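The values are calculated or read from the model by the stated rules, or taken from the named source; none is laboratory data. All values derive from a computational prediction rather than experimental measurement. As a convention, Cβ positions derive from the backbone with ideal geometry for all residues, glycine included, and neighbour counts pool all protein chains shown.
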Ligand SMILES: [Zn+2]
(Lines give C-alpha, C1' and ligand atoms only; values in the text may rest on other atoms or scores of the structure.)
Protein backbone atom coordinates (compact mmCIF):
# COMPACT_ATOMS: atom_id res chain seq x y z
CA UNK A 1 0.00 0.00 0.00
CA UNK A 2 1.47 3.37 -1.06
CA UNK A 3 0.74 6.24 1.32
CA UNK A 4 1.05 9.63 -0.41
CA UNK A 5 1.23 13.03 1.31
CA UNK A 6 -2.09 14.32 0.00
CA UNK A 7 -3.89 11.26 1.36
CA UNK A 8 -2.07 11.04 4.68
CA UNK A 9 -4.93 12.66 6.61
CA UNK A 10 -7.46 10.16 5.30
CA UNK A 11 -5.05 7.31 5.80
CA UNK A 12 -4.58 8.29 9.45
CA UNK A 13 -8.28 8.79 10.03
CA UNK A 14 -8.96 5.29 8.75
CA UNK A 15 -6.55 3.82 11.26
CA UNK A 16 -7.85 2.87 14.72
CA UNK A 17 -7.26 5.77 17.12
CA UNK A 18 -4.67 4.39 19.46
CA UNK A 19 -1.92 6.82 20.41
CA UNK A 20 1.32 5.62 21.97
CA UNK A 21 2.30 7.30 25.19
CA UNK A 22 5.88 8.33 24.74
CA UNK A 23 8.34 10.22 26.89
CA UNK A 24 9.45 12.71 24.30
CA UNK A 25 6.58 14.55 22.67
CA UNK A 26 5.33 11.59 20.73
CA UNK A 27 1.76 11.81 21.91
CA UNK A 28 -0.54 13.52 19.46
CA UNK A 29 -4.25 14.04 19.83
CA UNK A 30 -5.51 15.11 16.45
CA UNK A 31 -4.58 15.47 12.83
CA UNK A 32 -4.34 18.98 11.40
CA UNK A 33 -5.93 18.48 8.00
CA UNK A 34 -5.00 21.95 6.76
CA UNK A 35 -1.39 21.49 7.70
CA UNK A 36 -1.30 18.28 5.73
CA UNK A 37 -2.97 19.81 2.73
CA UNK A 38 -0.42 22.60 2.37
CA UNK A 39 2.69 20.78 3.46
CA UNK A 40 4.27 19.90 0.17
CA UNK A 41 7.99 20.00 0.63
CA UNK A 42 10.24 18.70 -2.08
CA UNK A 43 13.65 17.27 -1.25
CA UNK A 44 15.29 20.19 -3.08
CA UNK A 45 13.81 22.71 -0.64
CA UNK A 46 15.98 21.22 2.06
CA UNK A 47 18.98 22.79 0.33
CA UNK A 48 18.16 26.36 1.45
CA UNK A 49 18.16 27.57 5.08
CA UNK A 50 14.44 28.40 4.81
CA UNK A 51 13.86 24.91 3.45
CA UNK A 52 15.59 23.43 6.47
CA UNK A 53 13.24 25.24 8.81
CA UNK A 54 10.29 24.07 6.76
CA UNK A 55 11.40 20.45 7.02
CA UNK A 56 11.84 20.83 10.78
CA UNK A 57 8.37 22.30 11.09
CA UNK A 58 6.85 19.63 8.89
CA UNK A 59 8.48 16.90 10.97
CA UNK A 60 6.84 18.34 14.09
CA UNK A 61 3.33 18.28 12.65
CA UNK A 62 0.81 16.34 14.77
CA UNK A 63 -0.07 14.14 11.82
CA UNK A 64 3.51 13.08 11.36
CA UNK A 65 3.84 12.47 15.11
CA UNK A 66 0.72 10.33 14.98
CA UNK A 67 1.97 8.36 12.01
CA UNK A 68 5.28 7.66 13.77
CA UNK A 69 3.30 6.66 16.89
CA UNK A 70 1.35 4.22 14.75
CA UNK A 71 4.55 2.76 13.31
CA UNK A 72 6.03 2.27 16.80
CA UNK A 73 2.78 0.91 18.17
CA UNK A 74 2.51 -1.67 15.39
CA UNK A 75 6.04 -2.80 16.08
CA UNK A 76 5.51 -3.13 19.85
CA UNK A 77 2.07 -4.70 19.67
CA UNK A 78 3.08 -7.34 17.20
CA UNK A 79 6.23 -8.23 19.08
CA UNK A 80 8.50 -7.15 16.23
CA UNK A 81 12.24 -7.30 16.75
CA UNK A 82 12.64 -4.13 14.79
CA UNK A 83 11.20 -1.58 12.43
CA UNK A 84 12.82 -0.91 9.08
CA UNK A 85 12.39 2.35 7.17
CA UNK A 86 14.17 1.96 3.86
CA UNK A 87 14.24 4.66 1.17
CA UNK A 88 13.73 3.38 -2.36
CA UNK A 89 13.31 5.02 -5.75
CA UNK A 90 9.54 5.36 -5.21
CA UNK A 91 9.45 6.37 -1.55
CA UNK A 92 10.05 4.99 1.92
CA UNK A 93 9.34 1.35 2.69
CA UNK A 94 8.04 0.59 6.19
CA UNK A 95 8.54 -3.03 7.25
CA UNK A 96 8.47 -4.97 10.51
CA UNK A 97 10.92 -7.72 11.31
CA UNK A 98 8.69 -10.43 12.74
CA UNK A 99 10.06 -13.80 13.82
CA UNK A 100 13.21 -13.02 11.86
CA UNK A 101 11.33 -12.26 8.64
CA UNK A 102 11.01 -8.79 7.07
CA UNK A 103 7.37 -8.00 6.28
CA UNK A 104 6.45 -4.88 4.32
CA UNK A 105 3.54 -2.82 5.64
CA UNK A 106 3.36 0.39 3.67
CA UNK A 107 5.35 2.52 1.27
CA UNK A 108 5.29 6.27 1.95
CA UNK A 109 5.74 8.72 -0.88
CA UNK A 110 8.85 10.92 -0.76
CA UNK A 111 7.20 13.88 0.95
CA UNK A 112 5.80 11.75 3.76
CA UNK A 113 9.13 9.95 3.93
CA UNK A 114 11.09 13.13 4.56
CA UNK A 115 8.88 14.07 7.51
CA UNK A 116 8.75 10.59 9.03
CA UNK A 117 12.53 10.25 8.87
CA UNK A 118 13.04 13.73 10.37
CA UNK A 119 10.55 13.04 13.18
CA UNK A 120 12.13 9.72 14.11
CA UNK A 121 15.55 11.38 14.16
CA UNK A 122 14.26 14.11 16.47
CA UNK A 123 12.85 11.53 18.90
CA UNK A 124 16.33 10.04 19.13
CA UNK A 125 17.76 13.54 19.69
CA UNK A 126 19.60 13.52 16.38
CA UNK A 127 19.68 16.43 13.95
CA UNK A 128 16.56 15.87 11.81
CA UNK A 129 18.37 16.84 8.62
CA UNK A 130 21.84 15.34 8.81
CA UNK A 131 21.79 12.42 6.38
CA UNK A 132 25.35 11.95 5.21
CA UNK A 133 26.76 9.76 7.97
CA UNK A 134 25.90 6.68 9.98
CA UNK A 135 24.50 7.59 13.39
CA UNK A 136 22.93 6.00 16.44
CA UNK A 137 20.40 7.29 18.93
CA UNK A 138 18.01 6.10 21.61
CA UNK A 139 14.63 7.02 23.04
CA UNK A 140 12.09 5.40 25.33
CA UNK A 141 8.50 4.45 24.52
CA UNK A 142 5.84 3.64 27.11
CA UNK A 143 2.90 1.48 26.18
CA UNK A 144 0.73 0.91 29.24
CA UNK A 145 3.01 -0.65 31.83
CA UNK A 146 5.66 -1.51 29.26
CA UNK A 147 8.79 0.58 28.97
CA UNK A 148 10.82 -0.05 25.94
CA UNK A 149 14.05 1.56 24.81
CA UNK A 150 14.17 2.05 21.05
CA UNK A 151 17.60 2.09 19.48
CA UNK A 152 17.85 3.99 16.22
CA UNK A 153 20.55 3.21 13.70
CA UNK A 154 20.78 5.35 10.56
CA UNK A 155 22.80 4.70 7.45
CA UNK A 156 22.83 6.75 4.22
CA UNK A 157 21.82 4.77 1.15
CA UNK A 158 21.46 5.56 -2.56
CA UNK A 159 17.98 7.08 -2.12
CA UNK A 160 18.25 8.76 1.27
CA UNK A 161 18.66 7.35 4.72
CA UNK A 162 17.95 3.83 5.88
CA UNK A 163 16.67 3.67 9.48
CA UNK A 164 16.40 0.62 11.70
CA UNK A 165 14.60 0.90 15.04
CA UNK A 166 15.19 -1.98 17.40
CA UNK A 167 13.35 -2.55 20.64
CA UNK A 168 15.07 -3.23 23.90
CA UNK A 169 12.57 -3.86 26.59
CA UNK A 170 13.25 -3.08 30.24
CA UNK A 171 11.36 -4.84 32.97
CA UNK A 172 11.00 -7.99 30.87
CA UNK A 173 12.34 -11.38 31.86
CA UNK A 174 15.93 -11.45 33.01
CA UNK A 175 15.72 -15.06 34.07
CA UNK A 176 18.38 -16.93 32.13
CA UNK A 177 16.23 -20.05 31.71
CA UNK A 178 13.31 -17.97 30.46
CA UNK A 179 15.70 -16.42 27.93
CA UNK A 180 16.40 -19.90 26.56
CA UNK A 181 19.38 -21.23 28.54
CA UNK A 182 19.15 -24.86 29.57
CA UNK A 183 19.14 -25.34 33.35
CA UNK A 184 22.73 -26.66 33.71
CA UNK A 185 24.04 -23.75 31.64
CA UNK A 186 22.02 -21.16 33.57
CA UNK A 187 23.57 -22.62 36.74
CA UNK A 188 27.06 -22.55 35.20
CA UNK A 189 26.58 -18.87 34.30
CA UNK A 190 25.40 -18.26 37.87
CA UNK A 191 28.67 -19.79 39.11
CA UNK A 192 30.66 -17.53 36.75
CA UNK A 193 28.96 -14.55 38.36
CA UNK A 194 30.42 -15.62 41.73
CA UNK A 195 33.97 -15.11 40.45
CA UNK A 196 35.63 -12.10 42.01
CA UNK A 197 37.22 -11.14 38.70
CA UNK A 198 37.35 -12.17 35.06
CA UNK A 199 35.96 -11.43 31.63
CA UNK A 200 32.68 -12.82 30.29
CA UNK A 201 32.03 -12.20 26.61
CA UNK A 202 28.56 -12.47 25.04
CA UNK A 203 28.70 -12.48 21.24
CA UNK A 204 26.19 -12.71 18.42
CA UNK A 205 24.49 -10.68 15.73
CA UNK A 206 22.94 -7.32 16.66
CA UNK A 207 19.45 -8.88 16.89
CA UNK A 208 20.51 -11.84 19.03
CA UNK A 209 19.33 -10.33 22.36
CA UNK A 210 22.84 -10.14 23.82
CA UNK A 211 21.49 -7.34 26.04
CA UNK A 212 19.02 -9.78 27.59
CA UNK A 213 21.76 -12.26 28.44
CA UNK A 214 23.88 -9.50 29.99
CA UNK A 215 20.86 -8.29 32.01
CA UNK A 216 20.30 -11.87 33.21
CA UNK A 217 23.95 -12.05 34.30
CA UNK A 218 23.75 -8.68 36.01
CA UNK A 219 20.73 -9.89 37.93
CA UNK A 220 22.92 -12.59 39.51
CA UNK A 221 25.31 -10.01 40.99
CA UNK A 222 22.69 -7.55 42.17
CA UNK A 223 21.92 -7.24 45.90
CA UNK A 224 25.24 -8.76 46.98
CA UNK A 225 26.65 -5.52 48.33
CA UNK A 226 28.85 -5.04 45.26
CA UNK A 227 29.52 -1.81 43.42
CA UNK A 228 28.03 -2.57 40.01
CA UNK A 229 28.67 -0.10 37.18
CA UNK A 230 27.00 -0.35 33.77
CA UNK A 231 28.49 1.62 30.87
CA UNK A 232 25.65 1.84 28.37
CA UNK A 233 24.47 3.99 25.47
CA UNK A 234 22.85 7.24 26.56
CA UNK A 235 19.07 7.15 26.83
CA UNK A 236 18.58 3.65 28.26
CA UNK A 237 16.40 3.60 31.36
CA UNK A 238 18.42 2.83 34.51
CA UNK A 239 18.48 -0.65 36.08
CA UNK A 240 17.85 -0.97 39.81
CA UNK A 241 20.95 -1.27 41.98
CA UNK A 242 23.30 -0.36 39.17
CA UNK A 243 25.44 2.76 38.82
CA UNK A 244 24.71 3.53 35.18
CA UNK A 245 27.20 5.59 33.17
CA UNK A 246 25.74 6.84 29.87
CA UNK A 247 28.03 7.14 26.87
CA UNK A 248 27.73 8.49 23.35
CA UNK A 249 29.07 5.83 20.96
CA UNK A 250 31.68 7.28 18.60
CA UNK A 251 32.46 10.36 20.74
CA UNK A 252 35.14 11.32 23.28
CA UNK A 253 33.01 9.66 25.97
CA UNK A 254 32.90 6.28 24.25
CA UNK A 255 32.87 2.89 25.99
CA UNK A 256 36.66 2.70 26.21
CA UNK A 257 37.00 6.27 27.56
CA UNK A 258 34.25 5.70 30.10
CA UNK A 259 35.85 2.41 31.17
CA UNK A 260 39.12 4.24 31.89
CA UNK A 261 37.29 6.69 34.17
CA UNK A 262 35.09 4.04 35.81
CA UNK A 263 38.15 2.13 37.01
CA UNK A 264 39.00 5.11 39.25
CA UNK A 265 35.66 4.59 41.03
CA UNK A 266 36.59 1.18 42.36
CA UNK A 267 33.76 -0.95 40.92
CA UNK A 268 33.46 -4.68 41.65
CA UNK A 269 31.43 -5.53 38.55
CA UNK A 270 31.47 -3.61 35.26
CA UNK A 271 29.00 -4.14 32.44
CA UNK A 272 30.29 -2.70 29.16
CA UNK A 273 27.38 -2.48 26.73
CA UNK A 274 29.49 -2.86 23.61
CA UNK A 275 33.06 -4.08 23.16
CA UNK A 276 33.06 -4.45 19.39
CA UNK A 277 36.04 -2.09 19.14
CA UNK A 278 39.39 -3.73 19.97
CA UNK A 279 40.44 -0.85 22.28
CA UNK A 280 37.36 -1.38 24.47
CA UNK A 281 37.77 -5.16 24.53
CA UNK A 282 41.46 -5.01 25.46
CA UNK A 283 40.86 -2.44 28.21
CA UNK A 284 38.03 -4.63 29.57
CA UNK A 285 40.34 -7.66 29.70
CA UNK A 286 42.97 -5.59 31.52
CA UNK A 287 40.28 -4.41 33.97
CA UNK A 288 39.41 -8.07 34.61
CA UNK A 289 43.03 -8.75 35.58
CA UNK A 290 42.88 -5.76 37.90
CA UNK A 291 40.28 -7.62 39.95
CA UNK A 292 36.99 -6.65 38.27
CA UNK A 293 34.27 -8.90 36.95
CA UNK A 294 33.67 -7.55 33.43
CA UNK A 295 30.55 -8.54 31.48
CA UNK A 296 30.35 -7.36 27.91
CA UNK A 297 28.91 -7.92 24.42
CA UNK A 298 30.83 -8.06 21.18
CA UNK A 299 31.37 -9.65 17.83
CA UNK A 300 31.81 -13.30 16.87
CA UNK A 301 29.72 -15.98 15.20
CA UNK A 302 30.93 -18.73 17.53
CA UNK A 303 32.62 -18.82 20.93
CA UNK A 304 35.95 -19.76 19.39
CA UNK A 305 35.62 -17.05 16.73
CA UNK A 306 35.18 -14.54 19.57
CA UNK A 307 38.42 -15.72 21.21
CA UNK A 308 40.18 -15.64 17.83
CA UNK A 309 38.91 -12.08 17.29
CA UNK A 310 40.32 -10.98 20.65
CA UNK A 311 43.66 -12.55 19.69
CA UNK A 312 43.62 -11.04 16.19
CA UNK A 313 42.70 -7.65 17.68
CA UNK A 314 46.08 -7.65 19.40
CA UNK A 315 45.19 -8.74 22.93
CA UNK A 316 48.37 -10.14 24.48
CA UNK A 317 47.83 -13.84 25.19
CA UNK A 318 49.24 -13.28 28.71
CA UNK A 319 46.25 -10.97 29.33
CA UNK A 320 43.58 -12.95 27.48
CA UNK A 321 44.37 -16.40 28.89
CA UNK A 322 44.12 -15.55 32.60
CA UNK A 323 41.32 -12.97 32.21
CA UNK A 324 38.80 -14.95 30.16
CA UNK A 325 36.17 -16.80 32.19
CA UNK A 326 33.71 -17.72 29.48
CA UNK A 327 32.01 -16.92 26.18
CA UNK A 328 28.35 -17.17 25.19
CA UNK A 329 27.76 -17.22 21.41
CA UNK A 330 24.09 -16.82 20.66
CA UNK A 331 21.68 -16.39 17.76
CA UNK A 332 17.94 -15.99 17.60
CA UNK A 333 16.06 -18.12 15.11
CA UNK A 334 12.37 -18.53 14.24
CA UNK A 335 10.30 -20.97 16.28
CA UNK A 336 7.89 -22.95 14.12
CA UNK A 337 4.14 -22.75 14.56
CA UNK A 338 2.87 -25.69 16.62
CA UNK A 339 -0.59 -25.47 14.99
CA UNK A 340 0.63 -26.36 11.50
CA UNK A 341 3.85 -28.18 12.37
CA UNK A 342 4.28 -31.57 10.71
CA UNK A 343 6.95 -34.20 10.63
CA UNK A 344 8.93 -34.37 7.39
CA UNK A 345 11.28 -36.93 5.91
CA UNK A 346 14.93 -36.01 6.55
CA UNK A 347 16.39 -34.39 3.44
CA UNK A 348 19.47 -35.78 1.73
CA UNK A 349 21.35 -32.55 2.54
CA UNK A 350 20.52 -32.78 6.23
CA UNK A 351 21.53 -36.45 6.30
CA UNK A 352 24.88 -35.57 4.75
CA UNK A 353 25.40 -32.70 7.19
CA UNK A 354 24.56 -34.88 10.20
CA UNK A 355 26.94 -37.54 8.98
CA UNK A 356 29.72 -34.99 8.38
CA UNK A 357 29.18 -33.59 11.88
CA UNK A 358 29.46 -37.07 13.40
CA UNK A 359 25.85 -37.09 14.64
CA UNK A 360 24.00 -40.43 14.70
CA UNK A 361 20.47 -38.97 14.94
CA UNK A 362 18.51 -38.81 11.66
CA UNK A 363 15.17 -37.43 12.84
CA UNK A 364 12.32 -36.93 13.29
CA UNK A 365 12.44 -33.30 12.15
CA UNK A 366 9.64 -30.83 11.42
CA UNK A 367 8.55 -27.98 9.18
CA UNK A 368 5.46 -25.73 9.30
CA UNK A 369 3.65 -24.73 6.12
CA UNK A 370 1.57 -21.88 7.53
CA UNK A 371 -1.96 -21.63 8.90
CA UNK A 372 -4.42 -19.02 10.16
CA UNK A 373 -2.88 -19.01 13.64
CA UNK A 374 0.53 -17.99 12.36
CA UNK A 375 -0.65 -15.70 9.54
CA UNK A 376 0.43 -18.32 6.99
CA UNK A 377 4.07 -17.76 7.95
CA UNK A 378 4.73 -21.11 9.66
CA UNK A 379 6.50 -19.18 12.42
CA UNK A 380 5.59 -18.26 15.96
CA UNK A 381 8.11 -16.13 17.82
CA UNK A 382 11.79 -16.75 18.13
CA UNK A 383 14.06 -18.89 20.25
CA UNK A 384 17.67 -18.53 21.24
CA UNK A 385 20.35 -20.94 20.12
CA UNK A 386 23.62 -20.69 22.01
CA UNK A 387 26.86 -22.32 22.97
CA UNK A 388 28.56 -21.73 26.30
CA UNK A 389 32.33 -22.00 26.51
CA UNK A 390 33.79 -22.09 30.02
CA UNK A 391 37.52 -21.52 30.24
CA UNK A 392 39.73 -24.17 31.85
CA UNK A 393 43.44 -24.91 32.21
CA UNK A 394 43.66 -26.55 28.75
CA UNK A 395 41.99 -23.62 27.04
CA UNK A 396 44.24 -21.16 28.87
CA UNK A 397 47.23 -23.20 27.67
CA UNK A 398 45.95 -23.18 24.08
CA UNK A 399 45.47 -19.40 24.18
CA UNK A 400 48.97 -18.95 25.63
CA UNK A 401 50.34 -20.95 22.69
CA UNK A 402 48.39 -18.80 20.23
CA UNK A 403 46.54 -21.91 19.03
CA UNK A 404 44.62 -22.05 15.74
CA UNK A 405 40.82 -21.82 15.61
CA UNK A 406 40.60 -25.55 14.97
CA UNK A 407 42.73 -26.39 17.99
CA UNK A 408 40.78 -23.96 20.19
CA UNK A 409 37.58 -25.64 19.00
CA UNK A 410 38.85 -29.11 19.88
CA UNK A 411 40.02 -27.95 23.29
CA UNK A 412 36.68 -26.20 23.95
CA UNK A 413 34.71 -29.35 23.09
CA UNK A 414 37.06 -31.55 25.11
CA UNK A 415 36.40 -29.16 28.00
CA UNK A 416 32.65 -29.75 27.77
CA UNK A 417 31.38 -27.07 25.37
CA UNK A 418 28.29 -28.27 23.51
CA UNK A 419 28.37 -26.59 20.11
CA UNK A 420 25.38 -24.48 19.17
CA UNK A 421 24.37 -26.92 16.43
CA UNK A 422 23.75 -29.51 19.18
CA UNK A 423 21.34 -27.09 20.83
CA UNK A 424 19.71 -26.65 17.40
CA UNK A 425 19.52 -30.44 17.00
CA UNK A 426 17.87 -30.75 20.42
CA UNK A 427 15.25 -28.10 19.54
CA UNK A 428 14.71 -29.49 16.02
CA UNK A 429 13.92 -32.94 17.44
CA UNK A 430 11.39 -31.37 19.80
CA UNK A 431 9.76 -29.56 16.88
CA UNK A 432 10.63 -26.12 18.27
CA UNK A 433 12.77 -25.12 15.29
CA UNK A 434 12.51 -26.30 11.71
CA UNK A 435 14.68 -28.75 9.84
CA UNK A 436 15.88 -25.85 7.67
CA UNK A 437 17.08 -23.93 10.75
CA UNK A 438 19.04 -27.02 11.76
CA UNK A 439 20.52 -27.18 8.25
CA UNK A 440 21.69 -23.56 8.57
CA UNK A 441 23.30 -24.20 11.96
CA UNK A 442 25.03 -27.33 10.72
CA UNK A 443 26.29 -25.47 7.64
CA UNK A 444 27.77 -22.78 9.91
CA UNK A 445 29.36 -25.43 12.10
CA UNK A 446 30.76 -27.48 9.23
CA UNK A 447 32.33 -24.33 7.78
CA UNK A 448 34.57 -24.36 10.88
CA UNK A 449 35.58 -27.89 9.92
CA UNK A 450 35.51 -29.58 13.32
CA UNK A 451 33.33 -32.54 14.33
CA UNK A 452 30.82 -32.00 17.13
CA UNK A 453 32.48 -34.47 19.47
ZN1 LIG B 1 0.74 -22.17 11.67
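A few remarks follow.
- Total residues in the stretch 398-413, condition in contact (Cβ under 8 Å) with a residue 60 or more places away in the chain and either within 16 Å of the ligand (Cβ to nearest atom) or in a helix (DSSP H, G or I) (or both): 6
- Checked against the criterion of being within 11 Å of the ligand (Cβ to nearest atom), without any contact (Cβ under 8 Å) to a residue 12 or more places away in the chain and over 23 Å from the mean Cα position of the chain (by Cα), the candidates 351, 355, 376 yield just one match: 376.
- From the options 333, 247, 294, residue that is under 30 Å from residue 373 (Cβ atoms), under 22 Å from the mean Cα position of the chain (by Cα) and touching a residue at least 12 places away in the same chain (Cβ under 8 Å): 333
- Test: residue in the stretch 382-391 that is farther than 30 Å from residue 195 by Cβ, surrounded by 14 or more Cβ atoms within 10 Å (Cβ to Cβ) and outside the structural domain of residue 79 (by TED's automatic domain parsing): yes
- Among the residues examined, residue 362 does not qualify as over 30 Å from residue 277 (Cβ atoms) and within 16 Å of the ligand (Cβ to nearest atom).
- Restricting attention to the stretch 320-345, the residues being surrounded by 17 or more Cβ atoms within 10 Å (Cβ to Cβ) and either within 16 Å of residue 424 (Cα to Cα) or more than 16 Å from the ligand (Cβ to nearest atom) (or both) number 17.
- Assessment of the stretch 294-304 against the conditions (more than 16 Å from the ligand (Cβ to nearest atom), touching a helix residue (DSSP H, G or I) at 6+ places or on another chain (Cβ under 8 Å), part of a loop (DSSP other than H, G, I, E, B) and not assigned by TED's automatic domain parsing to the domain that holds residue 201) yields no matching residue.
- Count of residues meeting criterion [buried (at least 20 other Cβ atoms within 10 Å of the Cβ) and over 23 Å from residue 381 (Cβ atoms)] in the stretch 194-212: 4
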